[in-house]
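Let me begin by presenting the structure, written as structure tokens, before commenting on it.
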Amino acid sequence: MALRNILTKEDQTLYKKCRPVTDFNARLHQLLDDMGETLLDSDGVGLAAPQVGVLRRVVVVLETNVPEGQEPYLIELVNPEIISASGEQSGAEGCLSLPGEYGLVKRPMDVTVRAQNRYGETFSVSGTGLTARCFCHELDHLEGVIFTARAERMLTEEELQRRENNED
Ligand code: NI
């Protein structure tokens, strides 16, 4: 496994549409292993392949809605599609490719995704709250869409400060 470099918003790779994965081979497994390690190392909750310069439909999401005492775990999504979405949430959203920038983005509260796993087997997974937001955000990346394009507005300096204070 190895850490991969995360591209930032100046990189045009982030604005391109990704191609489906057709080969569920060692190269894909290496990509998923590296993306998982890179995500955990960055303290993020989601990472899409174009963020590490690979224009394929691959995403990793950290499921943080776990019972107390249990560790968050990674969900690997290959060729994911949203099959149902309901409810609504509005809140601050950020991206590992735009460090320090946050915007207010409306997203569904509950989202179910159908995807393939690293072996090509189809499965469905549901997420709520932050995980639902993350599914939407990461799937947008596969279309070359960055959250700033969906934000009602970006957070002000003052709001960012307050956010930092709350996190400390
Ligand atoms: Ni992102």
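We did not get these values from a lab; they are worked out from the coordinates using the rules stated. Bear in mind the structure is a predicted one, so any value in this text is a computation, not a measurement. When we count neighbours, we look across all protein chains shown, and the Cβ atoms used for this are built from the backbone with ideal geometry, even at glycine.
A simple rule links phi to the HN-Hα coupling: the Karplus curve 6.51 cos²θ - 1.76 cosθ + 1.60 with θ = phi - 60°, which for the stretch 6-12 gives 8, 6, 9, 4, 6, 7, 5 Hz, with x for Gly and Pro. Helix 157-167 axis versus longest C-alpha principal axis of the chain: approximately 70°, rounded to the nearest ten.
For the stretch 108-131 versus the stretch 144-168, the inter-centroid distance based on Cα atoms is 26 Å. The dipole here belongs to the stretch 21-142: it is taken about the Cα centre, uses +1 on the Cβ of Lys and Arg and -1 on the Cβ of Asp and Glu, and is about 420 debye.
Phi angles across the stretch 105-121 convert, under the Karplus curve 6.51 cos²θ - 1.76 cosθ + 1.60 with θ = phi - 60°, into 3J(HN,Hα) values of 10, 7, 9, x, 7, 10, 9, 10, 10, 10, 8, 10, 8, 5, 9, x, 7 Hz, Gly and Pro given as x.
Consider all pairwise Cα distances in the stretch 36-118 and report the whole-number % of them above 21 Å. Before the final figure, lay out each step's value.
Values: 1267 of 3403 pairs.
Value for the stretch 36-118: 37 percent of Cα pairs lie more than 21 Å apart.
Residues whose amide H falls under 5 Å from that of ARG56, counting only those 5 or more places apart or on a different chain, are ARG19, with hydrogens built in the peptide plane. Per-residue Karplus couplings for the stretch 87-92, computed as 6.51 cos²θ - 1.76 cosθ + 1.60 with θ equal to phi - 60°, are listed in order as x, 8, 9, 10, x, 6 Hz, Gly and Pro entered as x. Residues whose amide H comes within less than 5 Å of that of ARG4, counting only those at least five positions distant or on another chain, are THR38 (H built at 1.01 Å from N in the peptide plane).
Structural size metrics of the chain, computed from C-alpha coordinates, are Rg and Dmax of 15.5, 47 Å. Relative to the longest principal axis of the Cα atoms of the chain, helix 26-42 runs at roughly 20 degrees.
Mean residue ellipticity, 222 nm, helices only, the chain: the sum of -39500 (n - 2.57) across DSSP H runs of n ≥ 4, divided by residue count and rounded to 500, is -8000 deg cm²/dmol.
A straight Cα-to-Cα reach below 20 Å connects LYS9 with the aspartates and glutamates ASP41, ASP43, GLU93, GLU101, GLU138, ASP140, GLU143, GLU152, GLU157, residues fewer than 8 places away in its own chain not being considered. At full extension, LYS16 and ARG163 could sit 49.8 nm farther apart than now, given 0.36 nm per residue minus the alpha carbon distance.
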